[in-house]
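Input: a single structure, listed below in C-alpha coordinates.
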Amino acid sequence: MRDIDHLIVGGSGGGGAARHGDVFDPNSGQVQARVPLGDRALLDRAVAAAQAAQPGWAATNPQRRARVMFRFKELVEQNMDALARLLSSEHGKVVADAKGDIQRGLEVIEFCCGIPHVTKGEYTHGAGPGIDVYSMRVPLGIGAGITPFNFPAMIPLWMSGVAIATGNAFIMKPSERDPSVPVRLAELFLEAGLPEGILQVVHGDKEMVDAILDHPAISAVSFVGSSDIAHYVYRRGVEAGKRVQAMGGAKNHGIVMPDADMDQVVKDLTGAAFGSAGERCMALPVVVPVGDRTADALREALLPAIEALRVGVSTDDEAHYGPVVTAQHKKRVEDWIQTGVDEGAELVVDGRGFTLQGHENGFFVGPTLFDRVTTDMSAYKEEIFGPVLQIVRAPDFETAVRLPSEHQYGNGVGIFTRNGHAAREFAARVNVGMVGINVPIPVPVAYHSFGGWKRSAFGDINQHGMEGVRFWTKTKTVTQRWPDGSVLPTGSEDGGPSRINDAFVIPTMG
Ligand code: NAD
(Lines give C-alpha, C1' and ligand atoms only; values in the text may rest on other atoms or scores of the structure.)
Protein backbone atom coordinates (compact mmCIF):
# COMPACT_ATOMS: atom_id res chain seq x y z
CA MET A 1 0.00 0.00 0.00
CA ARG A 2 1.40 3.35 -1.08
CA ASP A 3 1.21 6.40 1.14
CA ILE A 4 0.66 9.59 -0.81
CA ASP A 5 1.93 12.76 0.85
CA HIS A 6 1.22 16.46 0.67
CA LEU A 7 3.88 18.48 -1.11
CA ILE A 8 4.56 21.49 1.06
CA VAL A 9 7.73 23.33 1.95
CA GLY A 10 9.49 21.61 4.82
CA GLY A 11 7.54 18.36 4.35
CA SER A 12 4.18 17.50 5.80
CA GLY A 13 5.58 16.13 9.00
CA GLY A 14 5.09 12.54 7.94
CA GLY A 15 2.00 10.42 7.90
CA GLY A 16 0.61 11.93 11.07
CA ALA A 17 -2.70 13.01 9.55
CA ALA A 18 -5.73 12.32 11.69
CA ARG A 19 -7.79 11.25 8.68
CA HIS A 20 -7.01 9.45 5.43
CA GLY A 21 -8.87 8.66 2.23
CA ASP A 22 -8.63 5.48 0.15
CA VAL A 23 -7.38 5.65 -3.42
CA PHE A 24 -8.66 2.70 -5.44
CA ASP A 25 -7.47 0.84 -8.47
CA PRO A 26 -10.79 0.97 -10.33
CA ASN A 27 -9.72 -1.99 -12.50
CA SER A 28 -9.50 -4.37 -9.56
CA GLY A 29 -11.65 -2.60 -7.01
CA GLN A 30 -8.77 -2.79 -4.51
CA VAL A 31 -7.44 0.08 -2.40
CA GLN A 32 -4.00 0.88 -3.77
CA ALA A 33 -2.97 3.91 -1.72
CA ARG A 34 -3.87 6.15 1.22
CA VAL A 35 -4.06 9.90 0.95
CA PRO A 36 -3.87 12.12 4.04
CA LEU A 37 -6.80 14.52 4.50
CA GLY A 38 -5.27 17.78 5.65
CA ASP A 39 -6.61 20.48 7.93
CA ARG A 40 -6.30 24.21 8.58
CA ALA A 41 -3.01 23.81 10.46
CA LEU A 42 -1.40 22.15 7.44
CA LEU A 43 -2.82 24.81 5.14
CA ASP A 44 -1.40 27.54 7.41
CA ARG A 45 2.06 26.07 6.88
CA ALA A 46 1.64 26.00 3.12
CA VAL A 47 0.34 29.58 3.13
CA ALA A 48 3.28 30.79 5.24
CA ALA A 49 5.72 29.24 2.76
CA ALA A 50 3.79 30.75 -0.15
CA GLN A 51 3.87 34.19 1.48
CA ALA A 52 7.62 33.94 1.92
CA ALA A 53 8.27 32.87 -1.66
CA GLN A 54 5.77 34.87 -3.71
CA PRO A 55 7.27 38.42 -3.67
CA GLY A 56 10.56 37.12 -5.07
CA TRP A 57 8.78 35.13 -7.76
CA ALA A 58 6.60 38.12 -8.71
CA ALA A 59 9.78 40.21 -9.01
CA THR A 60 11.41 37.60 -11.26
CA ASN A 61 11.22 38.91 -14.78
CA PRO A 62 8.53 37.23 -16.88
CA GLN A 63 11.01 35.74 -19.34
CA ARG A 64 12.66 33.83 -16.53
CA ARG A 65 9.28 32.67 -15.28
CA ALA A 66 8.51 31.52 -18.83
CA ARG A 67 11.78 29.55 -18.94
CA VAL A 68 10.52 27.43 -16.04
CA MET A 69 7.43 26.69 -18.15
CA PHE A 70 9.61 25.63 -21.11
CA ARG A 71 11.64 23.29 -18.92
CA PHE A 72 8.55 21.89 -17.25
CA LYS A 73 7.01 21.11 -20.63
CA GLU A 74 10.10 19.15 -21.62
CA LEU A 75 10.11 17.23 -18.35
CA VAL A 76 6.44 16.29 -18.67
CA GLU A 77 7.07 15.09 -22.22
CA GLN A 78 9.97 12.97 -21.02
CA ASN A 79 7.77 11.49 -18.27
CA MET A 80 4.62 11.16 -20.36
CA ASP A 81 4.35 7.37 -20.27
CA ALA A 82 4.87 7.04 -16.55
CA LEU A 83 2.48 9.91 -15.80
CA ALA A 84 -0.21 8.48 -18.08
CA ARG A 85 0.05 5.05 -16.46
CA LEU A 86 -0.14 6.51 -12.97
CA LEU A 87 -3.13 8.62 -13.97
CA SER A 88 -4.87 5.70 -15.61
CA SER A 89 -4.27 3.43 -12.60
CA GLU A 90 -6.10 5.78 -10.21
CA HIS A 91 -8.74 7.22 -12.53
CA GLY A 92 -9.52 4.20 -14.71
CA LYS A 93 -9.41 5.99 -18.07
CA VAL A 94 -7.44 4.14 -20.74
CA VAL A 95 -3.79 5.11 -21.15
CA ALA A 96 -4.37 6.85 -24.51
CA ASP A 97 -7.03 9.02 -22.85
CA ALA A 98 -4.71 9.68 -19.93
CA LYS A 99 -2.10 10.96 -22.39
CA GLY A 100 -4.77 13.23 -23.88
CA ASP A 101 -5.53 14.52 -20.37
CA ILE A 102 -1.86 15.42 -19.85
CA GLN A 103 -1.44 16.79 -23.37
CA ARG A 104 -4.40 19.19 -23.07
CA GLY A 105 -2.88 20.48 -19.83
CA LEU A 106 0.52 20.85 -21.45
CA GLU A 107 -1.01 23.03 -24.14
CA VAL A 108 -1.87 25.55 -21.42
CA ILE A 109 1.77 25.41 -20.33
CA GLU A 110 2.75 26.16 -23.96
CA PHE A 111 0.48 29.21 -23.78
CA CYS A 112 2.23 30.18 -20.53
CA CYS A 113 5.62 30.07 -22.31
CA GLY A 114 4.43 33.29 -23.95
CA ILE A 115 3.52 34.95 -20.67
CA PRO A 116 5.86 37.97 -21.16
CA HIS A 117 3.97 38.88 -24.29
CA VAL A 118 0.44 38.42 -22.96
CA THR A 119 1.05 40.28 -19.72
CA LYS A 120 2.44 43.39 -21.37
CA GLY A 121 0.35 46.30 -20.16
CA GLU A 122 -1.34 49.10 -22.04
CA TYR A 123 0.16 52.51 -22.58
CA THR A 124 -1.17 55.82 -23.78
CA HIS A 125 1.33 58.55 -24.51
CA GLY A 126 -0.12 62.05 -24.12
CA ALA A 127 -3.49 61.20 -22.61
CA GLY A 128 -3.46 64.83 -21.45
CA PRO A 129 -0.93 67.63 -21.58
CA GLY A 130 2.33 65.94 -20.61
CA ILE A 131 0.38 63.10 -19.19
CA ASP A 132 0.85 59.41 -19.90
CA VAL A 133 -1.32 56.58 -18.69
CA TYR A 134 -0.17 53.02 -18.38
CA SER A 135 -1.62 49.88 -16.88
CA MET A 136 0.11 46.78 -15.68
CA ARG A 137 -1.01 43.30 -14.72
CA VAL A 138 -0.10 42.53 -11.13
CA PRO A 139 -0.29 39.06 -9.59
CA LEU A 140 -2.91 38.55 -6.90
CA GLY A 141 -0.51 36.99 -4.39
CA ILE A 142 -1.59 33.52 -3.30
CA GLY A 143 -4.15 31.56 -5.28
CA ALA A 144 -5.65 28.13 -4.71
CA GLY A 145 -7.13 25.52 -7.03
CA ILE A 146 -9.64 22.81 -6.10
CA THR A 147 -9.97 20.17 -8.80
CA PRO A 148 -12.23 17.22 -9.73
CA PHE A 149 -11.23 13.60 -10.25
CA ASN A 150 -11.99 13.40 -13.94
CA PHE A 151 -9.02 15.35 -15.37
CA PRO A 152 -6.26 15.02 -12.77
CA ALA A 153 -3.60 16.49 -15.08
CA MET A 154 -5.38 18.91 -17.41
CA ILE A 155 -7.38 20.85 -14.84
CA PRO A 156 -4.57 21.31 -12.28
CA LEU A 157 -2.43 22.56 -15.20
CA TRP A 158 -5.16 24.94 -16.46
CA MET A 159 -5.02 26.66 -13.11
CA SER A 160 -1.47 26.28 -11.84
CA GLY A 161 0.17 27.11 -15.18
CA VAL A 162 -1.44 30.51 -15.59
CA ALA A 163 -1.41 31.34 -11.87
CA ILE A 164 2.31 30.65 -11.55
CA ALA A 165 3.39 32.16 -14.86
CA THR A 166 1.71 35.44 -13.91
CA GLY A 167 3.72 35.63 -10.66
CA ASN A 168 1.43 34.13 -8.05
CA ALA A 169 2.10 31.38 -5.54
CA PHE A 170 -0.38 28.56 -5.98
CA ILE A 171 -1.77 25.96 -3.59
CA MET A 172 -3.40 23.00 -5.27
CA LYS A 173 -6.03 20.82 -3.60
CA PRO A 174 -6.57 17.94 -6.02
CA SER A 175 -9.36 15.39 -5.93
CA GLU A 176 -8.74 12.88 -3.17
CA ARG A 177 -9.83 10.10 -5.58
CA ASP A 178 -6.74 10.34 -7.86
CA PRO A 179 -4.22 12.66 -6.20
CA SER A 180 -0.90 11.17 -7.35
CA VAL A 181 -0.48 12.87 -10.73
CA PRO A 182 -1.00 16.41 -9.37
CA VAL A 183 1.78 15.70 -6.83
CA ARG A 184 4.05 14.34 -9.54
CA LEU A 185 3.41 17.41 -11.70
CA ALA A 186 4.33 19.67 -8.80
CA GLU A 187 7.57 17.70 -8.31
CA LEU A 188 8.39 18.19 -11.99
CA PHE A 189 7.76 21.93 -11.64
CA LEU A 190 10.34 22.02 -8.83
CA GLU A 191 12.75 20.05 -11.01
CA ALA A 192 12.15 22.60 -13.76
CA GLY A 193 13.45 25.33 -11.47
CA LEU A 194 10.32 26.67 -9.83
CA PRO A 195 11.31 28.13 -6.44
CA GLU A 196 10.07 26.25 -3.38
CA GLY A 197 6.77 27.54 -2.04
CA ILE A 198 5.40 28.72 -5.40
CA LEU A 199 3.50 25.51 -6.05
CA GLN A 200 2.40 23.30 -3.18
CA VAL A 201 -0.11 20.47 -3.01
CA VAL A 202 -2.36 19.90 -0.03
CA HIS A 203 -4.75 16.96 0.06
CA GLY A 204 -8.12 16.86 1.68
CA ASP A 205 -11.87 16.94 1.46
CA LYS A 206 -14.49 19.46 2.58
CA GLU A 207 -12.48 20.41 5.68
CA MET A 208 -9.51 21.50 3.56
CA VAL A 209 -11.74 23.20 0.97
CA ASP A 210 -13.42 25.23 3.72
CA ALA A 211 -10.02 26.13 5.20
CA ILE A 212 -8.95 27.42 1.77
CA LEU A 213 -12.17 29.40 1.29
CA ASP A 214 -11.86 31.04 4.69
CA HIS A 215 -8.12 31.72 4.65
CA PRO A 216 -7.54 35.48 4.68
CA ALA A 217 -4.17 35.24 2.88
CA ILE A 218 -5.58 33.43 -0.16
CA SER A 219 -6.81 35.99 -2.70
CA ALA A 220 -8.34 33.82 -5.39
CA VAL A 221 -9.85 30.37 -5.74
CA SER A 222 -10.39 28.45 -8.92
CA PHE A 223 -12.72 25.47 -8.60
CA VAL A 224 -13.87 22.75 -10.98
CA GLY A 225 -16.30 20.04 -9.88
CA SER A 226 -20.00 19.36 -9.53
CA SER A 227 -22.48 22.25 -9.60
CA ASP A 228 -23.84 22.22 -6.06
CA ILE A 229 -20.32 22.29 -4.66
CA ALA A 230 -19.22 24.86 -7.26
CA HIS A 231 -22.05 27.13 -6.16
CA TYR A 232 -21.16 26.61 -2.51
CA VAL A 233 -17.47 27.33 -3.15
CA TYR A 234 -18.41 30.43 -5.14
CA ARG A 235 -20.70 31.82 -2.42
CA ARG A 236 -18.36 31.11 0.48
CA GLY A 237 -15.27 32.35 -1.33
CA VAL A 238 -16.91 35.58 -2.48
CA GLU A 239 -18.30 36.14 1.01
CA ALA A 240 -14.70 35.99 2.25
CA GLY A 241 -13.75 38.67 -0.29
CA LYS A 242 -11.95 36.42 -2.77
CA ARG A 243 -11.98 36.31 -6.51
CA VAL A 244 -13.66 32.99 -7.41
CA GLN A 245 -14.26 31.10 -10.62
CA ALA A 246 -16.22 27.88 -10.05
CA MET A 247 -16.97 25.53 -12.93
CA GLY A 248 -19.74 22.99 -12.40
CA GLY A 249 -21.46 20.01 -13.98
CA ALA A 250 -22.82 19.54 -17.45
CA LYS A 251 -25.36 17.76 -19.62
CA ASN A 252 -24.25 18.47 -23.14
CA HIS A 253 -26.55 17.94 -26.12
CA GLY A 254 -25.62 16.94 -29.66
CA ILE A 255 -28.16 18.04 -32.25
CA VAL A 256 -28.36 15.82 -35.33
CA MET A 257 -29.98 17.51 -38.33
CA PRO A 258 -31.56 15.35 -41.06
CA ASP A 259 -28.74 16.26 -43.48
CA ALA A 260 -25.90 15.22 -41.12
CA ASP A 261 -23.27 12.71 -42.20
CA MET A 262 -24.65 9.79 -40.17
CA ASP A 263 -21.47 7.68 -40.27
CA GLN A 264 -19.47 10.56 -38.85
CA VAL A 265 -22.13 11.31 -36.24
CA VAL A 266 -22.13 7.73 -34.98
CA LYS A 267 -18.34 7.68 -34.78
CA ASP A 268 -18.24 11.03 -32.99
CA LEU A 269 -21.09 10.15 -30.65
CA THR A 270 -19.74 6.82 -29.49
CA GLY A 271 -16.44 8.49 -28.63
CA ALA A 272 -18.06 11.53 -27.00
CA ALA A 273 -20.76 9.66 -25.04
CA PHE A 274 -18.82 6.60 -23.89
CA GLY A 275 -15.14 7.63 -24.03
CA SER A 276 -13.57 7.86 -20.56
CA ALA A 277 -16.74 6.03 -19.36
CA GLY A 278 -18.68 9.25 -19.88
CA GLU A 279 -16.76 10.93 -17.06
CA ARG A 280 -16.06 14.12 -18.98
CA CYS A 281 -17.71 17.47 -18.42
CA MET A 282 -17.63 17.87 -22.22
CA ALA A 283 -19.07 14.41 -22.94
CA LEU A 284 -22.20 14.27 -25.12
CA PRO A 285 -24.70 12.25 -23.07
CA VAL A 286 -27.79 13.61 -24.86
CA VAL A 287 -28.38 13.30 -28.58
CA VAL A 288 -31.23 15.20 -30.20
CA PRO A 289 -32.11 13.91 -33.67
CA VAL A 290 -34.40 16.28 -35.55
CA GLY A 291 -37.40 14.42 -36.99
CA ASP A 292 -38.43 10.80 -36.39
CA ARG A 293 -36.77 9.59 -39.55
CA THR A 294 -33.40 10.94 -38.38
CA ALA A 295 -34.01 9.45 -34.94
CA ASP A 296 -34.81 5.99 -36.31
CA ALA A 297 -31.79 6.03 -38.63
CA LEU A 298 -29.51 7.18 -35.83
CA ARG A 299 -30.76 4.55 -33.40
CA GLU A 300 -30.28 1.83 -35.97
CA ALA A 301 -26.74 2.98 -36.74
CA LEU A 302 -25.82 3.38 -33.07
CA LEU A 303 -26.69 -0.18 -32.06
CA PRO A 304 -23.85 -1.99 -33.87
CA ALA A 305 -21.42 0.80 -32.90
CA ILE A 306 -22.32 0.35 -29.24
CA GLU A 307 -22.07 -3.41 -29.56
CA ALA A 308 -18.58 -3.01 -30.97
CA LEU A 309 -17.39 -0.98 -27.98
CA ARG A 310 -14.77 -2.78 -25.97
CA VAL A 311 -14.84 -2.13 -22.24
CA GLY A 312 -11.60 -3.21 -20.64
CA VAL A 313 -8.99 -2.52 -18.01
CA SER A 314 -7.39 0.87 -18.40
CA THR A 315 -4.09 -0.65 -19.55
CA ASP A 316 -5.79 -2.56 -22.38
CA ASP A 317 -4.66 -0.79 -25.56
CA GLU A 318 -7.66 -2.12 -27.45
CA ALA A 319 -10.26 -0.93 -24.93
CA HIS A 320 -12.46 2.04 -25.80
CA TYR A 321 -13.02 2.82 -22.17
CA GLY A 322 -12.25 1.50 -18.70
CA PRO A 323 -13.96 1.42 -15.31
CA VAL A 324 -15.59 4.37 -13.55
CA VAL A 325 -13.71 5.90 -10.65
CA THR A 326 -15.26 4.30 -7.54
CA ALA A 327 -17.80 1.69 -6.48
CA GLN A 328 -20.09 4.50 -5.27
CA HIS A 329 -19.93 6.12 -8.66
CA LYS A 330 -20.75 2.83 -10.38
CA LYS A 331 -23.78 2.47 -8.12
CA ARG A 332 -24.83 6.05 -8.77
CA VAL A 333 -24.72 5.55 -12.55
CA GLU A 334 -26.67 2.29 -12.29
CA ASP A 335 -29.25 3.95 -10.03
CA TRP A 336 -29.73 6.66 -12.65
CA ILE A 337 -30.32 3.99 -15.27
CA GLN A 338 -33.05 2.53 -13.06
CA THR A 339 -34.53 6.00 -12.59
CA GLY A 340 -34.67 6.42 -16.37
CA VAL A 341 -36.55 3.12 -16.64
CA ASP A 342 -38.92 4.09 -13.81
CA GLU A 343 -39.63 7.41 -15.47
CA GLY A 344 -40.70 5.71 -18.68
CA ALA A 345 -37.70 6.10 -21.00
CA GLU A 346 -37.09 3.18 -23.37
CA LEU A 347 -33.96 1.27 -22.29
CA VAL A 348 -32.46 0.03 -25.56
CA VAL A 349 -29.06 -1.16 -24.29
CA ASP A 350 -28.60 -1.89 -20.58
CA GLY A 351 -25.05 -1.61 -19.24
CA ARG A 352 -25.88 -2.56 -15.67
CA GLY A 353 -24.37 -5.64 -14.11
CA PHE A 354 -21.44 -5.60 -16.49
CA THR A 355 -18.47 -7.67 -15.32
CA LEU A 356 -15.10 -8.21 -16.90
CA GLN A 357 -13.67 -11.68 -16.65
CA GLY A 358 -10.73 -11.73 -14.25
CA HIS A 359 -11.71 -8.27 -12.93
CA GLU A 360 -15.04 -9.05 -11.34
CA ASN A 361 -14.58 -6.46 -8.59
CA GLY A 362 -13.63 -3.64 -10.97
CA PHE A 363 -15.96 -0.65 -11.30
CA PHE A 364 -17.14 -1.34 -14.84
CA VAL A 365 -20.39 -0.13 -16.36
CA GLY A 366 -21.42 -1.27 -19.82
CA PRO A 367 -22.55 1.19 -22.47
CA THR A 368 -26.19 2.16 -22.06
CA LEU A 369 -28.64 3.63 -24.57
CA PHE A 370 -32.03 5.16 -23.86
CA ASP A 371 -34.54 6.28 -26.47
CA ARG A 372 -37.63 8.46 -26.05
CA VAL A 373 -36.21 10.37 -23.11
CA THR A 374 -38.32 13.44 -22.35
CA THR A 375 -37.52 16.76 -20.72
CA ASP A 376 -39.69 16.18 -17.65
CA MET A 377 -37.59 13.17 -16.55
CA SER A 378 -35.07 13.75 -13.76
CA ALA A 379 -32.72 11.33 -15.57
CA TYR A 380 -32.67 13.97 -18.35
CA LYS A 381 -32.40 16.99 -16.10
CA GLU A 382 -29.53 15.72 -13.96
CA GLU A 383 -25.95 14.84 -14.84
CA ILE A 384 -25.29 11.08 -14.76
CA PHE A 385 -21.56 11.20 -15.57
CA GLY A 386 -21.36 7.65 -16.86
CA PRO A 387 -21.45 5.72 -20.16
CA VAL A 388 -25.13 6.47 -20.74
CA LEU A 389 -26.48 8.03 -23.95
CA GLN A 390 -30.01 9.40 -24.07
CA ILE A 391 -31.94 10.03 -27.29
CA VAL A 392 -34.36 12.95 -26.98
CA ARG A 393 -36.39 13.25 -30.18
CA ALA A 394 -37.10 16.77 -31.43
CA PRO A 395 -39.73 17.47 -34.08
CA ASP A 396 -37.94 20.48 -35.55
CA PHE A 397 -34.92 22.79 -35.45
CA GLU A 398 -36.62 25.28 -33.10
CA THR A 399 -37.11 22.57 -30.48
CA ALA A 400 -33.52 21.45 -30.97
CA VAL A 401 -32.28 24.97 -30.18
CA ARG A 402 -34.62 25.24 -27.21
CA LEU A 403 -33.65 21.98 -25.44
CA PRO A 404 -30.01 22.79 -24.57
CA SER A 405 -30.89 26.47 -24.16
CA GLU A 406 -33.43 25.73 -21.44
CA HIS A 407 -31.43 23.02 -19.65
CA GLN A 408 -30.05 23.96 -16.24
CA TYR A 409 -26.51 23.26 -17.49
CA GLY A 410 -24.85 25.12 -20.33
CA ASN A 411 -21.33 23.80 -20.67
CA GLY A 412 -21.02 22.49 -24.24
CA VAL A 413 -23.29 21.67 -27.16
CA GLY A 414 -22.79 20.29 -30.66
CA ILE A 415 -24.68 20.42 -33.93
CA PHE A 416 -24.13 17.97 -36.79
CA THR A 417 -25.26 19.27 -40.16
CA ARG A 418 -24.12 20.09 -43.67
CA ASN A 419 -26.20 23.25 -43.66
CA GLY A 420 -24.03 26.27 -42.86
CA HIS A 421 -27.00 28.52 -42.25
CA ALA A 422 -28.55 26.14 -39.71
CA ALA A 423 -25.18 25.79 -37.94
CA ARG A 424 -24.65 29.54 -37.87
CA GLU A 425 -28.14 30.22 -36.51
CA PHE A 426 -27.69 27.52 -33.90
CA ALA A 427 -24.33 28.84 -32.73
CA ALA A 428 -25.70 32.36 -32.46
CA ARG A 429 -28.90 31.48 -30.63
CA VAL A 430 -28.09 28.57 -28.32
CA ASN A 431 -27.78 29.51 -24.64
CA VAL A 432 -24.61 27.49 -23.95
CA GLY A 433 -21.00 28.56 -23.44
CA MET A 434 -19.07 26.30 -25.85
CA VAL A 435 -20.42 25.20 -29.22
CA GLY A 436 -19.17 22.55 -31.64
CA ILE A 437 -20.18 22.51 -35.28
CA ASN A 438 -19.57 18.96 -36.51
CA VAL A 439 -17.18 18.77 -33.56
CA PRO A 440 -18.48 16.55 -30.75
CA ILE A 441 -16.28 17.78 -27.88
CA PRO A 442 -15.64 21.48 -28.43
CA VAL A 443 -13.00 22.02 -25.75
CA PRO A 444 -11.36 25.28 -26.84
CA VAL A 445 -7.61 25.29 -27.51
CA ALA A 446 -5.42 26.66 -24.73
CA TYR A 447 -5.06 30.17 -26.13
CA HIS A 448 -8.85 30.56 -26.20
CA SER A 449 -10.70 30.05 -22.94
CA PHE A 450 -12.87 27.39 -21.37
CA GLY A 451 -16.11 28.05 -19.55
CA GLY A 452 -19.76 27.08 -19.57
CA TRP A 453 -22.89 29.06 -18.76
CA LYS A 454 -25.79 28.76 -16.32
CA ARG A 455 -25.17 26.10 -13.61
CA SER A 456 -22.02 24.97 -15.40
CA ALA A 457 -20.03 27.96 -14.14
CA PHE A 458 -20.30 30.47 -11.32
CA GLY A 459 -18.26 33.65 -11.54
CA ASP A 460 -17.57 35.50 -14.71
CA ILE A 461 -14.08 34.69 -15.93
CA ASN A 462 -13.16 31.54 -17.86
CA GLN A 463 -10.19 29.21 -17.49
CA HIS A 464 -6.93 29.70 -19.43
CA GLY A 465 -6.16 31.87 -22.46
CA MET A 466 -6.42 35.61 -21.87
CA GLU A 467 -9.39 35.04 -19.55
CA GLY A 468 -7.07 33.00 -17.32
CA VAL A 469 -4.50 35.79 -17.35
CA ARG A 470 -7.23 38.22 -16.32
CA PHE A 471 -8.38 35.92 -13.53
CA TRP A 472 -4.93 35.51 -12.02
CA THR A 473 -3.90 39.18 -12.22
CA LYS A 474 -5.33 42.52 -11.23
CA THR A 475 -4.87 45.73 -13.17
CA LYS A 476 -2.98 48.69 -11.81
CA THR A 477 -3.35 51.86 -13.84
CA VAL A 478 -0.86 54.71 -13.45
CA THR A 479 -1.48 58.25 -14.62
CA GLN A 480 1.80 60.17 -14.63
CA ARG A 481 3.32 63.48 -15.52
CA TRP A 482 6.84 64.73 -14.94
CA PRO A 483 6.77 68.50 -14.45
CA ASP A 484 10.06 70.35 -14.95
CA GLY A 485 8.72 73.81 -15.78
CA SER A 486 9.95 73.79 -19.36
CA VAL A 487 7.85 74.70 -22.37
CA LEU A 488 6.67 71.77 -24.43
CA PRO A 489 8.57 71.65 -27.75
CA THR A 490 5.39 71.42 -29.82
CA GLY A 491 3.80 74.60 -28.51
CA SER A 492 0.06 74.78 -28.38
CA GLU A 493 -1.40 75.82 -31.68
CA ASP A 494 -4.88 74.75 -30.62
CA GLY A 495 -4.79 77.10 -27.63
CA GLY A 496 -4.58 74.25 -25.10
CA PRO A 497 -2.24 74.30 -22.12
CA SER A 498 1.39 74.60 -23.19
CA ARG A 499 3.19 73.89 -19.98
CA ILE A 500 3.33 70.49 -18.42
CA ASN A 501 2.97 72.01 -15.00
CA ASP A 502 -0.29 73.72 -15.93
CA ALA A 503 -3.08 72.65 -13.63
CA PHE A 504 -4.04 69.09 -14.44
CA VAL A 505 -7.57 68.71 -15.64
CA ILE A 506 -9.15 65.36 -16.26
CA PRO A 507 -8.47 64.95 -19.98
CA THR A 508 -11.56 65.04 -22.10
CA MET A 509 -11.30 64.14 -25.70
CA GLY A 510 -13.54 67.01 -26.90
P1 NAD B 1 -16.84 16.99 -6.83
O2 NAD B 1 -17.68 18.21 -6.85
O3 NAD B 1 -17.30 15.82 -6.02
O4 NAD B 1 -15.36 17.33 -6.28
C5 NAD B 1 -14.63 18.41 -6.77
C6 NAD B 1 -13.72 18.94 -5.67
O7 NAD B 1 -14.53 19.42 -4.59
C8 NAD B 1 -12.79 17.88 -5.10
O9 NAD B 1 -11.51 18.44 -4.94
C10 NAD B 1 -13.42 17.54 -3.76
O11 NAD B 1 -12.47 17.19 -2.78
C12 NAD B 1 -14.13 18.81 -3.38
N13 NAD B 1 -15.35 18.55 -2.59
C14 NAD B 1 -16.13 17.44 -2.63
N15 NAD B 1 -17.15 17.56 -1.79
C16 NAD B 1 -17.05 18.77 -1.20
C17 NAD B 1 -17.84 19.48 -0.24
N18 NAD B 1 -18.96 18.95 0.28
N19 NAD B 1 -17.44 20.70 0.12
C20 NAD B 1 -16.32 21.25 -0.42
N21 NAD B 1 -15.55 20.63 -1.31
C22 NAD B 1 -15.90 19.40 -1.72
O23 NAD B 1 -16.61 16.60 -8.35
P24 NAD B 1 -15.94 15.29 -8.93
O25 NAD B 1 -16.87 14.15 -8.73
O26 NAD B 1 -14.55 15.17 -8.46
O27 NAD B 1 -15.87 15.67 -10.49
C28 NAD B 1 -16.94 15.48 -11.36
C29 NAD B 1 -17.76 16.73 -11.54
O30 NAD B 1 -16.93 17.79 -12.03
C31 NAD B 1 -18.84 16.55 -12.59
O32 NAD B 1 -20.00 17.21 -12.14
C33 NAD B 1 -18.26 17.25 -13.82
O34 NAD B 1 -19.21 17.72 -14.75
C35 NAD B 1 -17.55 18.38 -13.18
N36 NAD B 1 -16.52 18.94 -14.07
C37 NAD B 1 -16.76 20.16 -14.60
C38 NAD B 1 -15.83 20.71 -15.47
C39 NAD B 1 -16.06 22.08 -16.05
O40 NAD B 1 -15.10 22.67 -16.53
N41 NAD B 1 -17.26 22.61 -16.03
C42 NAD B 1 -14.67 20.01 -15.78
C43 NAD B 1 -14.46 18.76 -15.21
C44 NAD B 1 -15.40 18.23 -14.34
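Worth pointing out:
Table: residues versus (1) part of a helix (DSSP H, G or I); (2) surrounded by fewer than 16 Cβ atoms within 10 Å (Cβ to Cβ); (3) more than 16 Å from the chain's Cα centre (by Cα).
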{"position": "A423", "(1), (2), (3)": "yes, no, yes"}
{"position": "N431", "(1), (2), (3)": "no, yes, yes"}
{"position": "G436", "(1), (2), (3)": "no, no, yes"}
{"position": "I441", "(1), (2), (3)": "no, no, no"}
{"position": "P444", "(1), (2), (3)": "no, no, no"}
{"position": "Y447", "(1), (2), (3)": "no, yes, no"}
{"position": "D460", "(1), (2), (3)": "no, yes, no"}
{"position": "G468", "(1), (2), (3)": "yes, no, no"}
{"position": "K474", "(1), (2), (3)": "no, yes, yes"}
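- The criterion of at least 2 residues that are within 14 Å of the ligand (Cβ to nearest atom), in contact with a Lys or Arg (Cβ under 9 Å, 6 or more places away or on another chain) and modelled with pLDDT of 95 or more is met by the following strands (runs of 3 or more DSSP E) wholly inside segment 126-186: 142-146.
- Filtered residues of segment 16-64 (kept if of a type in the set (K, R) and within 30 Å of G362 (Cβ to Cβ)): R19, R34
- Output for segment 134-167, where each listed residue is crowded, with 21+ Cβ neighbours inside 10 Å, over 19 Å from the mean Cα position of the chain (by Cα) and on the phi < 0 side of the Ramachandran plot: P139, L140, I142
- Restricted to segment 230-244, and to residues there that are in contact (Cβ under 8 Å) with a residue 12 or more places away in the chain and either near the ligand (Cβ under 8 Å from one of its atoms) or in the same structural domain as K381 (by TED's automatic domain parsing) (or both), the residue that is surrounded by the fewest Cβ atoms within 10 Å (Cβ to Cβ) is A230.
- Matching residues in segment 344-360 - criterion: being over 16 Å from A277 (Cβ atoms) and surrounded by fewer than 15 Cβ atoms within 10 Å (Cβ to Cβ): G344, E346, Q357, G358, E360
- All of G436, G412, G452, G420 fail the test of being touching a Gly at 6+ places or on another chain (Cβ under 6 Å) and assigned by TED's automatic domain parsing to the domain that holds R299, apart from G436.
- Flag if R293 is outside the structural domain of E383 (by TED's automatic domain parsing) and surrounded by fewer than 24 Cβ atoms within 10 Å (Cβ to Cβ): no
- Conditions (1) in a strand (DSSP E or B); (2) in contact with a His (Cβ under 7 Å, 6 or more places away or on another chain); number of the one not met by P404: (1)
- Just one of the listed residues (G465, G362) is in contact with a Leu (Cβ under 8 Å, 6 or more places away or on another chain) and over 16 Å from I255 (Cβ atoms), namely G362.
- Pair list, Cβ < 8 Å and 6+ apart or interchain, from segment 84-103 residues that are within 19 Å of A273 (Cβ to Cβ) and touching a residue at least 60 places away in the same chain (Cβ under 8 Å) to residues that are surrounded by fewer than 24 Cβ atoms within 10 Å (Cβ to Cβ) and aromatic (F, W, Y): H91/F149
- Selection within segment 333-348 - among the acidic types (D, E), under 14 Å from G386 (Cα atoms) and either in contact with a His (Cβ under 6 Å, 6 or more places away or on another chain) or without any contact (Cβ under 8 Å) to a residue 24 or more places away in the chain (or both): D335
- Verdict on P285 being within 16 Å of the ligand (Cβ to nearest atom), on the phi < 0 side of the Ramachandran plot, in the same structural domain as P442 (by TED's automatic domain parsing) and crowded, with 24+ Cβ neighbours inside 10 Å: yes
The values are calculated or read from the model by the stated rules, or taken from the named source; none is laboratory data. Every value quoted in this text rests on a predicted model; they were computed, and no experiment measured them. Note that each Cβ is placed from the backbone with ideal geometry, even for glycine, and that neighbours are counted across all protein chains shown.
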